[in-house]
Amino acid sequence: MKEIRIHGRGGQGVVTASELIAISAFKNKKFAQAFPSFGVERTGAPIESYSRVDDKFIRTREQIYNPNILIILDASLLETTNIIFGCNKGTTIIVNTTLSSKEINKILLDKWKFKTPVKNIHTLDATSIALKILGKNLANTVILGFLAKNSKLLSLESTKEAIKEKFQEKSKKIIDKNIKAITSAYQE
């Protein structure tokens, strides 16, 4: 079973990202869960959401404390909140940032006293891609294209199908832009 924890701020599509991961996994004939963790927070407040993907039925329903994959939609959280709790040197970390993997590792080692450098840090300036293609700072779908390429957990096709299903009530233009955004990140 692969467990994914997503961190971001309210309004950045954190919950939508976990739902899209689950839908994409279903499209790949896998079992999946998606659920958020937040209280009365408002737009801009730190929130987290979770996804699980497996080849067999998933019985557990608890939060994810030791993720295989950690997605960070807002890198400023690395400076203010210990969002890397439960991670280890084998955790794959995907960060929406202009910083390099080496710079993110330095933050983990210096600020959060991470014991050893993380080998699987991937950085992507998803915000720039989102602004260019979507016209707004919603990097959640962009990151999913990057996740599909770098984790082999989802396919690009299943992620496109998840976008179509999740956004079916929205305009074709919005669906097409999001598909273009995930494709761009996949090719990054």
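The values are calculated or read from the model by the stated rules, or taken from the named source; none is laboratory data. All of these numbers come straight from a predicted model, not from anything done at the bench. Every residue, glycine as well, gets a Cβ built from its backbone with ideal geometry; the counts of neighbours run over all protein chains shown.
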**Item:** region 145-188 - residue that is in contact with a strand residue (DSSP E or B) (Cβ under 7 Å, 6 or more places away or on another chain) and not in a helix (DSSP H, G or I) and, of those, modelled with the lowest pLDDT
**Value:** E188
**Request:** Among the residues of region 98-126, count how many are within 19 Å of A148 (Cβ to Cβ), at pLDDT 95 or above and either touching a Cys at 6+ places or on another chain (Cβ under 7 Å) or surrounded by fewer than 20 Cβ atoms within 10 Å (Cβ to Cβ) (or both).
**Result:** 1
**Request:** Output the qualifying pairs, or none if there are none: Cβ atoms under 8 angstrom, residues six or more apart or on different chains, first residue in region 43-70 and without any contact (Cβ under 8 Å) to a residue 12 or more places away in the chain, second residue loosely packed, with under 12 Cβ neighbours inside 10 Å and hydroxyl-bearing (S, T, Y).
**Result:** none
**Asked** Hey, L131 hits all of (1) modelled with pLDDT of 95 or more; (2) among the aliphatic types (A, V, I, L, M); (3) touching a helix residue (DSSP H, G or I) at 6+ places or on another chain (Cβ under 8 Å); (4) within 21 Å of L99 (Cα to Cα) but one; which does it fall short on?
**Response** (3)
**Prompt:** How do the strands (runs of 3 or more DSSP E) wholly within region 19-95 filter down when requiring 2 or more residues that are out of contact with any Leu (no Cβ under 8 Å at 6 or more places or on another chain) and of a type outside the set (A, V, I, L, M): which remain?
**Reply:** 31-37, 46-54
**Qualifying positions in region 24-46 - in contact with a helix residue (DSSP H, G or I) (Cβ under 9 Å, 6 or more places away or on another chain), surrounded by fewer than 22 Cβ atoms within 10 Å (Cβ to Cβ) and of a type in the set (A, V, I, L, M)** = A34
**Message:** Condition (residue is part of a loop (DSSP other than H, G, I, E, B) and under 21 Å from E3 (Cα atoms)) applied to region 121-141: is it met by at least one residue?
**Reply:** yes
